[in-house]
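Below is one structure, written out as structure tokens; the observations come after it.
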Amino acid sequence: PKMKEDRCLHAALLCLGVLCYSHALATEGLNHTRPSLHGHHEKGKEGQVLHRSKRGWVWNQFFVIEEYTGPDPVLVGRLHSDIDSGDGNIKYILSGEGAGIIFVIDDKSGNIHATKTLDREERAQYTLTAQAVDRNTNRPLEPPSEFIVKVQDINDNPPEFLHENYHANVPERSNVGTSVIQVTASDADDPTYGNSAKLVYSILEGQPYFSVEAQTGIIRTALPNMDREAKEEYHVVIQAKDMGGHMGGLSGTTKVTITLTDVNDNPPKFPQSVYQMSVSEAAVPGEEVGRVKAKDPDIGENGLVAYSIIDGDGMDMFEITTDYETQEGVVKLKKTLDYETKKSYSLKVEAANVHIDPKFISNGPFKDTVTVKIAVEDADEPPVFLKPSYIFEVQENAASGTVVGKVHAKDPDAANSAIRYSIDRHTDLERYFVINAEDGNIKTIKALDREEMAWHNISVFAVEVHKQHQEAKVPVAIKVVDVNDNAPRFAAAYEAFVCENARSNQ
């Protein structure tokens, strides 16, 4: 069949005078590569008009810049039909998404304008339908054709981080480059067009301790041997900038609070070389004598310290336990003390970490020792008799004032106070005896009779002269010794009878 060109609807993309020169340069390459807008038609054998789309051939996209705020409506493009001779008989009709509301067409010239400011982030493109009809009869002059108006992106959205604040932890003493946390920002601009959504991360605050990877947003340590005990918390500000980080790009920031977590890199250390303590000789076993504390700046299990006695002349007399709440070593009495026997003791106490980190073993040894000197204080003790009990003998015919025996007590205290003696009269109601208050001699003051009472059991008190509340008591048993002081006596009167002529020896 003979090919000839039929009437068809042509649309052309017109360059917009409102575009700045720089944008025209940016889009120039795109405009040059757009497909043709011409449709091709073929007439059949019977004369009918057949519409056929060339393979791969589509209506070209029209473009309109988003956020345009000029005084006049934006010219999007122009529709034109080859049969339009300019006499006004052709009427152009626009329908589809936004037609008549956002996009209006001059039905004579075919010029399409955008009457409202468009936002690509709200809607990126619109599908419209163009048609040319006879103005008088409204008869379509050719089939309707679809085309797309694409809203072209401008950099009008700054990057936004997923979170306003981030919190992260990293162990102290970490190697340089240790990953801490990844922060992520997003940009609502078109990632497929230009660099409006191409983000580059940088660190604004937090150098020289931390760095951030420009492309990924991963924050890493930048200094070796950061010490939690010196500074535990760091405040880092990260910026995300679009346009590939170049000048003119928009930016957003986020704050990252980074906390150094503890590792056991510090051994315990006693703040002094000697501790002085004292304990009364009257203290009972188990009683607390004093406390020692080795300081370890580490925290948690890394700062746990256990105490032990490793040497000293007081190892048998004292013990040490660990108070894990206060991290103190508690020295306690193990046996009864005697000031008069030994007045002081010395202990060598060791404090050692419970948990050791092999990575920091070179910082050790993770233990320390200290000397604990304990003074025994003299307690105010009661007098002590030299014997636990006394047994004396006295003859029953002893005259009044006869010395029976002597008791002796002394003050065990260093003061060695004078002692006064007395007899517990509840044990000597008949007052057979008296005691010399100063020297402890016991004498008789009444006649004794063994046949009446062979033993006298009395109690003797000893008190300190100046401290009469300090008192001791001892039992004294006195045996009355028998003497021959009783003549024989017949038990009864006897009567006997004898004959007068009795023989001798009868």
Once both label points are put 7 Å beyond Cα along the C-beta direction, the V384-T115 separation in nm becomes 11.9
Accessible area in square angstrom per residue, the stretch 274-377, 1.4 angstrom probe: 52
Report, as a whole number in µm² per second, the diffusion coefficient that Stokes-Einstein gives for the stretch 160-261 at 25 °C and 0.890 mPa s using the Kirkwood radius over alpha carbon pairs. 175
Among K293/K342; K332/K373; K116/K198, the pairs whose Cα-Cα distance exceeds 19 Å are K293/K342; K116/K198
What is the ratio of the Cα radius of gyration of the stretch 61-152 to 2.2 N^0.38 Å, where N is its residue count, to two decimals? 1.11
Loop-resident sites, the stretch 400-506, for trypsin sites (Lys or Arg not before Pro), counting at most 13 other Cβ within 10 Å (DSSP): R431, K446, R489, R503
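Find the percent of Cα-Cα distances in the stretch 274-377 that exceed 24 Å, and round it to a whole number. Before the final figure, lay out the partial values.
On the way: 1503 of 5356 pairs.
Value for the stretch 274-377 (Cα pairs over 24 Å): 28 percent.
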What does the convex hull of the Cα atoms come to per residue for the chain, in Å³? 462
What Kirkwood Rh does the stretch 384-481 have if only Cα atoms enter the pairwise 1/r average? Answer in Å. 13.8
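Select from the stretch 340-406 those GluC sites (Glu not before Pro) which occupy a DSSP coil region and have at most 16 other Cβ atoms within 10 Å, ordered by residue number.
Working: sites: E340, E350, E377, E393, E396; in loops: E340, E396.
Taking the stretch 340-406 and a limit of 16 other Cβ atoms within 10 Å, the loop GluC sites (Glu not before Pro) found are E340.
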Going from the alpha-carbon gyration tensor of the stretch 291-351, what semi-axes, largest first and in whole Å, does one get by taking the root of 5 times each eigenvalue? 28, 10, 8
Hey, any idea what the orientation-averaged projected area of the convex hull of the stretch 144-214's Cα atoms comes to, in nm²? 7.2
Starting from the stretch 100-158, pick out the GluC sites (Glu not before Pro) whose DSSP state is loop and whose Cβ has at most 12 other Cβ atoms within 10 Å. E122
Going by alpha carbons, how many degrees (0 to 90, nearest 10) lie between the helix axis of 21-32 and the longest principal axis of the chain? 70
Considering only C-alpha atoms, what is the centroid distance from the stretch 307-329 to the stretch 192-209, in Å? 58
The percentage of the accessible area of the chain (probe 1.4 Å, all protein chains present) made up of carbon and sulfur atoms, to the nearest whole number, is 50
About the Cα centre of the chain, what is the dipole size in debye to 20, counting +1 per Lys and Arg Cβ and -1 per Asp and Glu Cβ, all else neutral? 1880
Using the heavy atoms of the protein chains and a 1.4 angstrom probe, tell me the accessible area per residue for the stretch 160-261 in square angstrom. 52
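The values are calculated or read from the model by the stated rules, or taken from the named source; none is laboratory data. Note that the structure is a prediction, hence the values are computed from the model and not measured. Here the Cβ is made from the backbone with ideal geometry for all residues, glycine too, and neighbour counts use every protein chain on show. When the accessible area is computed, the model is the full protein with side chains, heavy atoms only, and any ligands, DNA or RNA have been set aside. Shrake-Rupley method; radii C 1.70, N 1.55, O 1.52, S 1.80 Å.
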